[in-house]
Structure formats: C-alpha cells, structure tokens
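Engineer: Have a look at this one before I ask anything.
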Ligand code: HEM
C-alpha cells in the first residue's frame, strides 16, 4: 500500500516501475493528500527536459476541474502549461521555452487567450469538422485496407499512427508531397522525451517549414485552414506570422500523439476486457461513441498539464504560494470515486463516462476534441467492422514519460483470440 510521497510523479523511471499512470498511488493521493507536494526528482533524469522545482499535485476531479476553469488564479501564461522548468539552453522560440509556450494558444490567459482562440477556432466549428467526415472516412478505409487480409502485425505504425497526421495535413493544406516529412516530424516531436531525438530542433524545422508554407498561401490562397489563417480577418483581427507558426507546431503535438494513442488504447482495452468487446459488437455504431469516452476516461493519453498560482491560496487546508507550480492530474481525476462508480472498472456503457477530464475543461478545453472524437469513431468503426477480432498478441511497449500515456508498439493478431477457440 502506497503512502503520499512514495512515488515521484516527475520521475519517469519510477512511473515505469510502478505502472504508468500510477493509479494505485493516485488513489492514495485523492484520499489522503488531495493537494500533495511532489518535490523535484533528486537526480537528473536522462533524456528528459529539466525538472528542477517541485509542484503541487491536484488529484481530485473537482479540484482539477475548478483550477482549469479558474485561470485568474491558476495561470497557463505565468509558467506555461508544461510541467518542465524553463531551461536557459532551450532556444527562446522552441515550443518548450517559456517564451515559446506563451506564444502558443495553450500558454496564454484571458484576454489574449480568448482573442487568439477566436481566430483559430474558425477551423474547428461543428460545421467545419462535420464536413471533414467523408475525407476522414476515405483515409481510414485506405489505412484499414492494409490489414483486411493480414494475420498479424504491429498496430501503432500500421493502423493507429497515420490518420491524425494525414487529417492535419489535409486541413492545413500541406501539399501531399510533404506529408512524409510532416509525419516524421510529428513522430519525433511526440517522442521528445526520447534521448535519441532532438525535439527542439524538430520544432524549429517545423516552424521554418510553416513560414515557407504561409508565404506560399499568401501568394496563392486556397481553401485550407492555413490559407485562411494567413489571409482572412476575423472581426478585423488577423493572426501574426508567429501565432500561425506556433499554432502549426501545437497542432502537430496536440493532435497527433493523443489521437493515435487513444486508438491503440481502445484495442488494448477491448483485448483485456473481452466481455466489453462483446457488448460493443452487439451494436457497434450505437455504442462506439460511449466506448470512446470510456477509453478516454480509463486511459487518458495526456496524463497532466501545468498551471502556476498567481497568488497565495488555500485549498483543503494547504497553502499554495504565488508562483508555485500546480500539476493537474487528468489520470487521477478520471478515476475519482466521487464522480465515477467503480472507477477502476472499464465499462463501455458507463452513463457518465464523458465526464472525464482527458480533454481538460474551462477556457483551454481541447480545441480538437470534436475532431479527435470523429476520427476515433470513423477509424475504430472501419477497423472493427473489417477485423472484429483484432487483439493484442504480445507485450505492449509504452513511452517512458511523465506526460504522455503513449503506446509505442503493440503486436496484434487479427484472428480469433486463442481462448475463444477453446
Ligand atoms: C484524444 C485526443 C486528444 C486529447 C486527449 C487532447 C487533450 C487536450 C488537453 C488535456 C488540452 C487542455 C490543455 C490545458 O488545459 O492546458 C488540450 C488542448 C488543446 N488541444 Fe487537444 N487533445 C486531443 C486531440 C486534439 C486534436 C486532434 C487537436 C487538433 C488537431 C487538438 C488541439 C488542441 C489545442 C489547439 C489545444 C489548446 C486549446 C487552448 O489552449 O485553448 N487536440 N487537448
């Protein structure tokens, strides 16, 4: 049985050792220390950005929700939304420097945030996203064609990874010849904690590419999102070049890794819980939307984001000081027994599954949530219709990360699982 303090949430190696996300430990925090001081790891963490200061962990659903909605006290701008500490070696315009974070949508507070969000939201309205469905379906079918006759294979690279990045390229208006490059950058940046990959350099290359593309869209406007951002005003306002570049990189991080991991988690969970697969397959189209919400609740692809206190406050009898870092645990909020009955049970018919906080809440609520849900619905529907028995057939490898709950590779078999044969 854990005690508060037994696991350092800033240490990816500890997380990998106890199970990532560490649900048993987070349950102890929710019960015994809902505002818990997590010190900085007491050793340098290889392959990770610096984490030199400790932080307060908010683990209850009500507190994560309240702090996400209360940007006046829990700022995204003051210290940025990323838990790592500002590193003087990081180039100022990298998405991981404080200046870089503040230049993006996630790192702003009202009123700058509201103004910026209004400008970029035009690409994400229900109408804009709804119109993408035929295009999403045709890419999903092309991807599923690869496995229509397959016996087995690696799931993340063959099925889960491609759709989010291709859809982003289509939406932004990236010429098809450049998609492989974008795809490679997206993969690299998602694994920014991997010591072999220089995520900062990749982000710089992406920003330079975006600059060139924006120049082309200004010379030859088209109907793409990037062309609209570069050429059209919203209520007399227009995005600056830096805003567009940062948004481009943000989307490549925010929209890629998250959606692909949810696809992988969905197949992993249906393999682990065959009873739930049976319930789903009785009415695939009807039950899939709630099954996706339950997958997001049970296995959130983003485990946390950060806020910084703008003033001294007291929460559950604990003093949080101005400038202290605050860690919002979506993984814990989603298992809060005050909101979800039997939270450790994976139940695709759970009536309030969509109360999860995997997309955050409040002003920074995920701008791409509708797009992510549509992609997941279409891809999983196509996959489970074509290959209803797809199941995990070997060890699942996950990313060593304090941030992303990511599946790096997952062997699957497309036939009936052995236990069903018996
Ligand atoms: C399952 C998939 C996804 C998950 C779990 C997810 C998760 C999140 C979370 C937790 C936030 C809130 C950050 C905060 O409060 O600081 C967020 C914000 C955001 N997400 Fe997503 N996301 C997903 C897919 C996408 C997609 C597909 C896109 C776009 C293509 C996207 C774009 C964004 C953007 C632009 C923001 C910033 C919103 C703001 O600061 O106003 N996300 N996402």
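The values are calculated or read from the model by the stated rules, or taken from the named source; none is laboratory data. The structure presented is a predicted model; accordingly, all values stated were derived computationally and were not measured. Backbone-built Cβ (ideal geometry, glycine too); neighbour counts: all protein chains shown.
Here is a yes/no grid of residues against (1) under 18 Å from residue 302 (Cβ atoms); (2) more than 16 Å from the ligand (Cβ to nearest atom); (3) assigned to a helix (DSSP H, G or I); (4) at pLDDT below 95:
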site	(1), (2), (3), (4)
6	no, yes, no, no
17	no, yes, yes, no
24	no, yes, yes, no
31	no, yes, yes, no
40	no, yes, no, no
46	no, yes, no, yes
77	no, no, no, no
84	yes, no, no, yes
88	no, yes, no, yes
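Engineer: Across region 48-72, what is the number of residues that are part of a helix (DSSP H, G or I) and buried (at least 22 other Cβ atoms within 10 Å of the Cβ)?
Structural biologist: 5
Engineer: Can you work out which of the residues in region 106-131 that are surrounded by 21 or more Cβ atoms within 10 Å (Cβ to Cβ) and within 13 Å of residue 75 (Cα to Cα) is nearest to the ligand (Cβ to nearest atom)?
Structural biologist: For region 106-131, the residue satisfying everything is 106.
Engineer: Consider residue 259 carefully, then state whether it is in a helix (DSSP H, G or I), within 14 Å of the ligand (Cβ to nearest atom) and closer than 30 Å to residue 213 by Cβ. Write out each step before concluding.
Structural biologist: Values: in a helix (DSSP H, G or I): yes; within 14 Å of the ligand (Cβ to nearest atom): yes; closer than 30 Å to residue 213 by Cβ: yes.
Answer is yes for this residue.
Engineer: Please count how many residues of region 262-276 are touching a helix residue (DSSP H, G or I) at 6+ places or on another chain (Cβ under 9 Å) and either without any contact (Cβ under 8 Å) to a residue 60 or more places away in the chain or within 10 Å of the ligand (Cβ to nearest atom) (or both).
Structural biologist: 3
Engineer: Would you pick out the residues in region 95-105 that are outside any helix (DSSP H, G or I) and surrounded by fewer than 22 Cβ atoms within 10 Å (Cβ to Cβ)? Give the steps one after another, and end with the answer.
Structural biologist: Here is the first cut: in region 95-105, the ones outside any helix (DSSP H, G or I) are 95-97, 104.
96, 97, listed by residue number.
Engineer: Determine which single condition residue 401 fails, assuming it passes every other condition in (1) modelled with pLDDT of 95 or more; (2) touching a helix residue (DSSP H, G or I) at 6+ places or on another chain (Cβ under 9 Å).
Structural biologist: Looking at each condition in turn, residue 401 falls short on (1).
Engineer: While we're looking at this one, here's another question. For region 328-357, name all the residues that are within 13 Å of the ligand (Cβ to nearest atom) and either more than 15 Å from residue 106 (Cβ to Cβ) or surrounded by fewer than 20 Cβ atoms within 10 Å (Cβ to Cβ) (or both). Don't jump to the end; show me each part of the working.
Structural biologist: First, pick out the residues of region 328-357 that are within 13 Å of the ligand (Cβ to nearest atom): 328-331, 333-334, 354, 356-357.
Listed by number, the residues that qualify are 329, 331, 333, 334, 354, 356, 357.
Engineer: Determine which single condition residue 144 fails, assuming it passes every other condition in (1) touching a residue at least 60 places away in the same chain (Cβ under 8 Å); (2) part of a helix (DSSP H, G or I); (3) within 30 Å of residue 78 (Cα to Cα).
Structural biologist: Every listed condition holds for residue 144 apart from (3).
Engineer: Same structure again: Suppose we keep only residues that are within 19 Å of residue 24 (Cα to Cα) and not in a strand (DSSP E or B) within region 295-318. Which one would you say is farthest from the ligand (Cβ to nearest atom)? Spell out the reasoning first.
Structural biologist: Just the residues of region 295-318 that are within 19 Å of residue 24 (Cα to Cα), to begin with: 295-304.
Those left that are additionally not in a strand (DSSP E or B): 295-301, 303.
On the way: 295: 9, 296: 6, 297: 11, 298: 12, 299: 10, 300: 6, 301: 5, 303: 9 Å.
Among them, the one singled out is 298.
Engineer: Could you tell me whether region 401-419 includes any residue that is away from the ligand (no atom under 16 Å from the Cβ), within 17 Å of residue 276 (Cβ to Cβ) and assigned to a helix (DSSP H, G or I)?
Structural biologist: yes
Engineer: Please determine, by comparing only the residues of region 366-422 that are more than 22 Å from residue 281 (Cα to Cα) and free of Cβ contacts under 8 Å to residues at least 40 places away in the same chain, which one is surrounded by the fewest Cβ atoms within 10 Å (Cβ to Cβ).
Structural biologist: 395
Engineer: Still on this structure, I have one more. Any idea how many residues of region 319-362 are more than 21 Å from the chain's Cα centre (by Cα) and either more than 25 Å from residue 277 (Cα to Cα) or assigned to a strand (DSSP E or B) (or both)?
Structural biologist: The total comes to 7.
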